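Chemist: This structure is in structure tokens; I'll ask about it shortly.
The values are calculated or read from the model by the stated rules, or taken from the named source; none is laboratory data. It should be emphasised that the depicted structure is a prediction, and the values quoted were computed from it without experimental measurement. Every residue, glycine among them, receives a Cβ derived from its backbone with ideal geometry; neighbour counts consider all protein chains shown.
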Amino acid sequence: MAATTLAQAVRDHVDDGATVFVGGFGHCVPFASGHEIIRQGKRNLTLTRTGADILIDQLIAGGCVARLIVGYVGNPGIGLAHAFRRALEAGSLTLEEWTNFTLTLRFHAGRIGVPFLPTRALRAGDMPKHIADLATLTCPYTGALLTAVPGLCPDVALVHAQRADEDGNVQLWGIDGDTCEGALASRRIIATVEEIVPAERVRRSPELTVLPAHRVTALCVVPGGAHPSYVHGYYTRDDARFAEYDRLSRRPDDLDAFLAAHVHGVADREAYLGKLPISDLSWPVHHGPGGRQ
Amino acid sequence: MTADIESRNLALAASLELSDDETCFVGIGLPSLAAMLAKRTHAPRAHLIFESGAIGADPRVPPLSTGSPCIAENAAMLGDCLDVFGELQAGRIDLGLLSAAQVDRFGNLNSTVIGDYEAPRLRLVGSGGAHDIASLANRFVILMPHEPRRLVPKVDFVTSPGHLLVGDERAAAGLRGGPSALITGRGRFSFRCGEMALVEVFAPFSVDEALEGLTWPVPVDEAVMRRSGFAPAAIDAYARLERLPAGTG
């Protein structure tokens with residue numbers, strides 16, 4: 001597989017109206033891919049992942065999103081997702097709300113090719129009343145009542161990872177969360193990586209490979225592609241940017257100005273990184289704790 | 001100053017809910033702080049588990065997110081969401097530590113919406129893993145600052161089931177556990193027939209102060225305990241943790 005540009009991959013594989021799985025559970029959040037989707041003006045997307053953070057909020061502010069299938073939307077440890085909140089209160093966004101466990105189970109069902117999975121969650125409280133797709137089933141062995149959650153196969157997944165070989169075998173280590181379940185449930189995968197390494201390095205540690213080449217639709221080399229989230233062993237989380245986003249996203253005008261400067265106003269990730277304060281730049285790549293040879 | 005005392009009481013008292021060698025599913029914010037305190041004091045062999053998949057976590061600074069670098073670094077194992085929620089569903093997690101925007105007299109938690117679900121006055125972040133932890137942990141403990149507008153007779157939305165309404169509604173839904181205690185900065189409440197009752201107050205607060213602003217008649221234990229303070233080593237551990245900036249580390 002020849003690596004392609006992220007712009008080309010998004011043009012080719014993210015269609016208006018598609019259901020897009022957004023990888024990255026705090027770690028390796030695919031900000032570069034999300035920003036490219038905003039730049040290209042994709043519309044009416046359904047976005048899905050368990051814990052949705054500020055990248056999802058930016059995609060909503062960018063006008064790309066019609067529907068969310070999520071377990072949580074916020075700015076972790078800091079507060080609410082303001083564009084999300086405004087869109088929901090204005091009625092311009094459809095929300096299908098699960099829990100982080102039950103949504104992971106939906107991806108898992110999709111990944112392993114079964115139409116549903118049973119769970120003991122979503123049995124009580126107000127959440128089940130607002131989920132149209134829930135069913136109750138009786139265990140054929142014990143007679144116990146369980147909740148059935150339907151499998152979910154997104155059209156395309158966005159995943160950022162440490163590295164891949166030229167064939168597209170993607171290696172990711174550190175926090176996974178729901179990333180691999182969601183990606184492998186998806187029909188297509190756009191993978192962005194910090195670096196391409198020789199195949200023999202991948203084959204020396206095949207246990208680090210999470211997406212095998214035959215499942216990866218497009219491979220793009222995008223160093224810094226997860227900023228302001230982090231890449232284990234490469235660069236750390238830029239917590240200050242998350243706090244700053246809480247402030248600037250409270251007013252729609254400020255948020256528009258942010259998108260104009262840091263998304264629409266840059267051609268690609270390299271240009272985005274060039275606009276950051278110098279103190280934010282913890283690359284070039286290092287292999288400190290958590291690094292792999 | 002009172003706010004500082006309440007914050008410290010809350011973290012220290014909540015940490016005592018976790019025993020050594022127990023497995024504990026930890027949420028972000030106050031729950032992380034309490035779990036980290038327990039690890040640094042009376043429960044060094046407690047196994048902290050975060051929904052991002054970290055098992056045997058021992059973060060050096062309070063985390064902002066369950067996926068933060070400080071959760072990954074120093075953990076015993078990094079699995080994925082299925083690993084940790086699977087352990088939870090299988091009944092292998094002793095304790096969950098949870099906070100929320102609102103909690104009610106039956107220990108039901110709301111992190112979804114203030115006002116009506118379809119026409120929210122304030123839309124919140126949603127369940128995350130909270131519903132799953134409340135439903136599936138063998139027991140859970142609620143951490144809540146003493147803010148009367150957040151301690152209510154009935155939550156606007158039951159995101160995470162506590163005892164639901166008085167009775168055996170929870171068991172009827174096939175759920176194990178339930179809330180075993182609610183900790184504020186002023187006191188400890190346990191649940192009797194599903195309803196919270198004050199069983200302990202923390203100095204310098206009186207019973208009246210522990211119930212100040214609550215709008216329903218909260219039962220008070222006849223032999224309510226009065227905790228004069230916490231162990232000096234625990235107070236030191238709190239002071240060291242509290243000085244650290246939350247985040248990356």
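Chemist: Going through B:215, B:159, B:184 one at a time, which residue ends up being in contact (Cβ under 8 Å) with a residue 40 or more places away in the chain, polar (S, T, N, Q), away from chain A (no Cβ under 13 Å) and surrounded by 16 or more Cβ atoms within 10 Å (Cβ to Cβ)? Even if it seems obvious, please write down each step before you answer.
Modeler: On the way: B:215 fails: surrounded by 16 or more Cβ atoms within 10 Å (Cβ to Cβ); B:159 fails: away from chain A (no Cβ under 13 Å).
Sole residue among the options that is in contact (Cβ under 8 Å) with a residue 40 or more places away in the chain, polar (S, T, N, Q), away from chain A (no Cβ under 13 Å) and surrounded by 16 or more Cβ atoms within 10 Å (Cβ to Cβ): B:184.
Chemist: Going residue by residue through region A:87-102, is there one that turns out to be over 27 Å from residue A:10 (Cα atoms), among the aromatic types (Phe, Trp, Tyr) and loosely packed, with under 15 Cβ neighbours inside 10 Å?
Modeler: no
Chemist: I need the full set of residues from region B:164-180 which are within 15 Å of the chain's Cα centre (by Cα) and under 14 Å from residue B:105 (Cβ atoms), in order please.
Modeler: Of all residues in region B:164-180, those within 15 Å of the chain's Cα centre (by Cα) come to B:177-180.
Hits for region B:164-180 are B:178, B:179.
Chemist: Taking region B:205-249, which residues are more than 30 Å from residue A:242 (Cα to Cα) and among the aromatic types (Phe, Trp, Tyr)?
Modeler: B:205, B:216, B:230
Chemist: Continuing with the same structure: Go through region B:1-21 and give me each residue that's hydroxyl-bearing (Ser, Thr, Tyr) and either outside any loop (DSSP other than H, G, I, E, B) or at pLDDT below 95 (or both). So that I can check it myself, show each step before the final result.
Modeler: Filtering region B:1-21 for residues hydroxyl-bearing (Ser, Thr, Tyr) gives B:2, B:7, B:15, B:19.
If the condition is that a residue be hydroxyl-bearing (Ser, Thr, Tyr) and either outside any loop (DSSP other than H, G, I, E, B) or at pLDDT below 95 (or both), then B:2, B:7, B:15 are the ones that fit.
Okay, residues lined up against (1) surrounded by 18 or more Cβ atoms within 10 Å (Cβ to Cβ); (2) touching a residue at least 60 places away in the same chain (Cβ under 8 Å); (3) not in a helix (DSSP H, G or I):
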position: A:9; (1), (2), (3): yes, yes, no
position: A:43; (1), (2), (3): no, no, yes
position: A:49; (1), (2), (3): yes, yes, yes
position: A:58; (1), (2), (3): yes, yes, no
position: A:63; (1), (2), (3): no, no, yes
position: A:71; (1), (2), (3): yes, no, yes
position: A:84; (1), (2), (3): yes, no, no
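Chemist: Still on this structure, please answer the following. Under the condition of being of a type in the set (D, E, K, R) and closer than 12 Å to residue B:182 by Cβ, which residue from region B:76-112 is surrounded by the most Cβ atoms within 10 Å (Cβ to Cβ)? Show your work before the answer.
Modeler: Taking region B:76-112 first, the residues of a type in the set (D, E, K, R) are B:80, B:83, B:87, B:92, B:94, B:104-105.
Filter once more, so that each one left must be closer than 12 Å to residue B:182 by Cβ: B:104-105.
Details: B:104: 23, B:105: 27.
Result: B:105.
Chemist: So, in region B:22-54, how many residues would count as being in a loop (DSSP other than H, G, I, E, B) and more than 30 Å from residue A:103 (Cα to Cα)? Walk me through how you get there before you give the answer.
Modeler: So the first thing to find is which residues in region B:22-54 are in a loop (DSSP other than H, G, I, E, B), and the list is B:22, B:27-29, B:41-46, B:50-53.
In the following step, the residues that additionally are more than 30 Å from residue A:103 (Cα to Cα) were identified as B:41-45.
Within region B:22-54, residues that are in a loop (DSSP other than H, G, I, E, B) and more than 30 Å from residue A:103 (Cα to Cα) number 5.
Chemist: Would you check if residue A:47 is away from every other protein chain (no Cβ under 12 Å) and either touching a Lys or Arg at 6+ places or on another chain (Cβ under 6 Å) or closer than 24 Å to residue B:29 by Cβ (or both)? Steps first, please.
Modeler: Values: away from every other protein chain (no Cβ under 12 Å): yes; either touching a Lys or Arg at 6+ places or on another chain (Cβ under 6 Å) or closer than 24 Å to residue B:29 by Cβ (or both): no.
No.
Chemist: Could you check how many residues of region B:1-48 are under 29 Å from residue B:82 (Cβ atoms), touching an Asp or Glu at 6+ places or on another chain (Cβ under 7 Å) and in contact (Cβ under 8 Å) with a residue 40 or more places away in the chain?
Modeler: 3
Listed here are the residues, each with its yes/no results for (1) over 30 Å from residue B:169 (Cα atoms); (2) in contact with a helix residue (DSSP H, G or I) (Cβ under 9 Å, 6 or more places away or on another chain); (3) part of a helix (DSSP H, G or I).
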{"site": "B:191", "(1), (2), (3)": "no, no, no"}
{"site": "B:201", "(1), (2), (3)": "no, yes, no"}
{"site": "B:208", "(1), (2), (3)": "yes, no, yes"}
{"site": "B:213", "(1), (2), (3)": "no, no, no"}
{"site": "B:217", "(1), (2), (3)": "no, no, no"}
{"site": "B:222", "(1), (2), (3)": "no, no, no"}
{"site": "B:229", "(1), (2), (3)": "yes, yes, no"}
{"site": "B:234", "(1), (2), (3)": "yes, yes, yes"}
